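**Q** Quick one: the structure is below, questions incoming.
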Amino acid sequence: MSIAENLSNIKKLIPEKVDLVCVSKFHPDEAITEAYNCGERVFGESKVQELTGKFERLPKDIQWHFIGHLQTNKVKFLVPFVALIHGVDSLRLLEEINKQAIKINQKVNCLLQFHIATEETKFGFNLEEINEAFLNSSPDKFEGIQFCGVMGMATFTSDKQQVTNEFRSLKSIFQNLKENYFLSDTHFNTISMGMSDDFQLAIGEGSTMVRIGSSIFGTRIYN
Ligand SMILES: *Cc1c(COP(=O)(O)O)cnc(C)c1O
C-alpha cells in the first residue's frame with residue numbers, strides 16, 4: 001500500500017483532537033514529501049543530523065519533532081530547528097536545552113519523558129526526580145523551556161493489559177504534574193504516547209499525541 005493509503009487508513013482510527021506525529025526517521029525525503037502532499041506537517045526524527053538535513057531540504061512549514069534519545073553535546077545543533085523535543089529524560093539534558101535556548105533567545109517546547117516500561121533500555125524520569133528538581137527550582141526557573149507535557153513508551157509486549165496499565169500510569173503522572181506545577185499553564189497539555197502497534201490502546205488511555213512510523217512509511221531500513 002502507498003503512504004497516502006496508509007495515512008488515510010490510520011487517520012480513520014485517530015480522533016480529531018489527537019495529534020499525529022508522522023515518524024519519518026530513516027525514511028528518505030521522498031517519503032516525507034508524499035505524506036506532506038497528503039497534508040501532513042508534523043514529522044518525527046530521532047537523529048539530530050538527519051533532522052537538520054531534512055529541515056534544510058524540505059518545506060519550511062514542516063514542524064520537526066525530535067523523538068529520540070538526545071545527547072547533551074547535540075542540543076545546540078537541534079534547538080534552532082525543533083518544534084518539540086519529546087524525550088527530555090534527565091535533569092542534565094533539561095539544563096542544557098535551557099542554556100542553549102536562552103543563548104538564542106528562544107523558548108524550546110519540551111515533553112518530559114517518563115520511564116513507564118519494565119524494560120531497562122527505555123529512558124526517562126520517575127516522578128520523584130521531577131518533584132525534586134521543581135522543589136529546588138520551580139518550572140519557571142527554566143526560562144528557556146516551555147513545558148508542554150509528558151511522553152512515554154510502553155513495554156514491547158503482546159500483553160495488552162500491561163501496555164494499558166503503563167499508559168494509564170503516564171496519564172496519572174501528567175495529571176499529578178498538572179495539578180502541582182502547571183494548573184494555570186495552558187501550554188502543559190500534551191500526553192505523547194502510542195506508536196504503530198499500540199496507539200489505539202494509548203488513545204483509549206488519554207493520549208493526546210501519537211507517534212506513528214512503520215504503519216505509515218513501512219519498515220525502516222537501519223543503516
Ligand atoms: C521509532 C519511534 C516511534 C515510531 O515507531 P513505529 O513502531 O514505527 O510506529 C515512536 N516513538 C519513538 C520514541 C520512536 O523512537
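**Q** According to the Cα gyration tensor, what semi-axes, each the square root of 5 times an eigenvalue, does the equivalent ellipsoid of region 1-118 have, listed from largest to smallest in whole Å?
**A** Equivalent ellipsoid of region 1-118: 26, 17, 12 Å, largest first.
**Q** I want to make sure I understand the PRE zone here: with the label point 7 angstrom from the Cα of Gln200 toward its beta carbon, which residues in region 165-181 have backbone N atoms less than 13 Å away?
**A** none
**Q** Just flag the chymotrypsin sites (Phe, Trp or Tyr not before Pro) in region 110-205 sitting in loop per DSSP whose Cβ has no more than 14 other Cβ atoms within 10 Å.
**A** Qualifying residues, ordered by number: Phe156.
**Q** Whenever you get a sec, line up Glu143, Glu16, Glu5, Glu119 from highest to lowest accessible area (probe 1.4 Å, protein heavy atoms).
**A** Glu16, Glu143, Glu5, Glu119
**Q** Could you give the size of the charge dipole of region 1-84 about its Cα centre, using +1 on the Cβ of each K and R and -1 on the Cβ of each D and E, expressed in debye and rounded to the nearest 20?
**A** Using only the charged Cβ atoms, the result is roughly 300 debye.
**Q** Let me check the size of region 38-95 from its C-alpha atoms; what are the radius of gyration and Dmax in Å?
**A** 11.4, 39
**Q** Determine one quarter of the surface area of the Cα convex hull of region 1-42, which equals its mean projected area, and express it in nm² to one decimal.
**A** Result: a mean projected hull area of 3.0 nm².
**Q** Given R₀ = 22 Å, FRET efficiency for Lys178-His69 by Cβ-Cβ distance, to 0.05?
**A** Working: r = 25 Å, r/R0 = 1.15.
Rounded to the nearest 0.05, the efficiency is 0.30.
**Q** Here's a follow-up. Between region 178-223 and region 51-126, what's the alpha-carbon centroid distance in Å?
**A** Cα centres, region 178-223 to region 51-126: 15 Å.
**Q** Run the 1.4 Å probe and let me know the accessible area of Lys12, rounded to the nearest 10 Å².
**A** Here the residue's solvent-accessible area equals roughly 150 Å².
**Q** Next up: Please work out, to two decimal places, the log10 of the ratio I(q)/I(0) at q = 0.13, 0.16 Å⁻¹ from a Debye calculation in which every Cα of region 57-149 carries one identical scatterer.
**A** -0.43, -0.65
**Q** If you don't mind, another one. Around Ser214, under 14 Å between beta carbons, what's the net of Lys plus Arg minus Asp minus Glu among the other residues?
**A** Once positives and negatives cancel, what remains is +1.
**Q** I'm checking a number: the convex hull volume of the Cα atoms of region 98-149, normalised per residue, in Å³. What is it?
**A** On the way: hull volume 4.5 nm³, N = 52.
Taking the convex hull of the Cα positions in region 98-149, it is 87 Å³ per residue.
**Q** To the nearest 0.05, what FRET efficiency results for Ser138 and Lys76 with a Förster distance of 22 Å applied to their C-beta separation?
**A** On the way: r = 25 Å, r/R0 = 1.15.
For Ser138 and Lys76, the calculated efficiency is 0.30.
**Q** Still on this structure, I have one more. When the label point is put 7 Å from the Cα of Leu91 along its Cα-to-beta-carbon vector, which residues of region 159-177 have a backbone N closer than 11 Å?
**A** none
**Q** Same structure again: With each pseudo-label sitting 7 Å past Cα toward Cβ, what's the Gln106-Asn37 distance in nm, one decimal?
**A** Simple spin-label model gives 3.0 nm for this pair.
**Q** Counting heavy atoms of the protein chains only and a 1.4 Å probe, report the per residue accessible area for region 14-156 as a whole number of Å². Numbers along the way, then the final one.
**A** Numbers: 6900 Å² over 143 residues.
Per-residue value: 48 Å².
**Q** Under a no-solvent Debye model with one identical scatterer per Cα of the chain, what's log10 I(q)/I(0) at q = 0.09, 0.14, 0.15, 0.18 Å⁻¹?
**A** Treating every Cα as an identical point scatterer, log10 I(q)/I(0) equals -0.34, -0.87, -1.00, -1.42.
**Q** Which percent of the accessible area of region 59-196 is formed by carbon and sulfur heavy atoms (probe 1.4 angstrom)? Walk me through the intermediate numbers first.
**A** Working: 3420 of 6910 Å².
Of the solvent-accessible surface of region 59-196, carbon and sulfur hold 50 percent.
The values are calculated or read from the model by the stated rules, or taken from the named source; none is laboratory data. For clarity, every value in this text was computed on a predicted model and none was experimentally measured. Counting neighbours? That spans all protein chains shown, and the Cβs are built from the backbone with ideal geometry, glycine included. Only protein heavy atoms, including side chains, enter the accessible area calculation; ligands, DNA and RNA are left aside. Shrake-Rupley method; radii C 1.70, N 1.55, O 1.52, S 1.80 Å.
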